[in-house]
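Accompanying notes for the structure given below.
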Amino acid sequence: MRRLLWDVDTQVDFVKADGKLAVPNAESVVPAMARLVEWARREGIPHVASADDHELTDAEISESPDYADTFPPHCLRGTRGAQKIAETEQADPVPLGATDVPDEWLRGREFLLHKKHFDVFTNPNAERLLEHFKPDEVVLFGVATDICDDAAIKGLRKRGYDVTFVEDASCGLDDERSQACIVDWRGGGVRIATVDDVVK
């Protein structure tokens, strides 16, 4: 089975308690996140990570955010907050911005998809990586369950990919909204799993 580990926005500003847009309790799931990354590395499974890469002029950034379409400044390019946490940091990723790169650059095991919007599929290289790897299963984790995870899972399912969501390696901004997402995903054929389920 061809698997792909899909790591959603495990960045300092989202995961660390002192981050600019910290997801409540995200630090508590960091050990589970680390186990998934270690598993993928050990098994030679490709590790695709998305990362917000903002500038203050981005449409998503606002001083009066509605927390649906706009958010306060976070993951600003070049800041500590934009960095991946140490536990999910990739060793030597191929960075992919919003412009197409020649196919010969799509090689290796680790890829970092920069994005300006919470939906990773606004980066055309997300779809290109899926076409490149042709995974039988996408194992997804990260933050936030009810925003960026939701957008990624809906995008993957829309494109016909089988998805496993690792619940204990993920965290949402709003518990009620996160649970509603999980119910919706399960109804749409997404497998809900734990880290133990995945790595055993």
Checklist line | residue 125, sole failed condition from (1) touching a residue at least 40 places away in the same chain (Cβ under 8 Å); (2) closer than 26 Å to residue 69 by Cα | finding: (1)
Check: Within the stretch 60-86, how many residues are open to solvent by 30 Å² or more (accessible area, probe 1.4 Å), closer than 16 Å to residue 18 by Cβ and either in a loop (DSSP other than H, G, I, E, B) or of a type in the set (Asp, Glu) (or both)?
Finding: 3
Next item on the list: Could you look through the stretch 99-158, keep only residues that are in a helix (DSSP H, G or I) and of a type in the set (S, T, N, Q), and pick out the one that is surrounded by the fewest Cβ atoms within 10 Å (Cβ to Cβ)?
Entry: 122
Next item on the list: Can you run down the residue pairs with Cβ atoms below 8 Å, 6 or more apart or on separate chains, where the first is in the stretch 162-178 and under 19 Å from residue 189 (Cα atoms) and the partner is in a strand (DSSP E or B) and acidic (Asp, Glu)?
Entry: 162/137; 163/137; 164/137
Checklist line | the stretch 92-107 residues that are without any contact (Cβ under 8 Å) to a residue 60 or more places away in the chain, paired with ones that are open to solvent by less than 60 Å² (accessible area, probe 1.4 Å) and acidic (Asp, Glu) (beta carbon under 6 Å, 6 or more apart) | finding: 93/110
Notebook entry, point to check: Being assigned to a loop (DSSP other than H, G, I, E, B), closer than 30 Å to residue 3 by Cβ and open to solvent by less than 10 Å² (accessible area, probe 1.4 Å), is that true of even one residue in the stretch 38-52?
Noted result: no
Note to self: So, in the stretch 1-28, exactly how many residues are open to solvent by 20 Å² or more (accessible area, probe 1.4 Å) and more than 22 Å from residue 123 (Cα to Cα)?
What the structure shows: 11
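The values are calculated or read from the model by the stated rules, or taken from the named source; none is laboratory data. Because the structure is a prediction, the values reported are computed rather than measured. Positions of Cβ are backbone-derived with ideal geometry, glycine not excepted, and every protein chain shown enters the neighbour counts. Areas reflect the complete protein model, heavy atoms only, side chains present, ligands, DNA and RNA absent. Shrake-Rupley method; radii C 1.70, N 1.55, O 1.52, S 1.80 Å.
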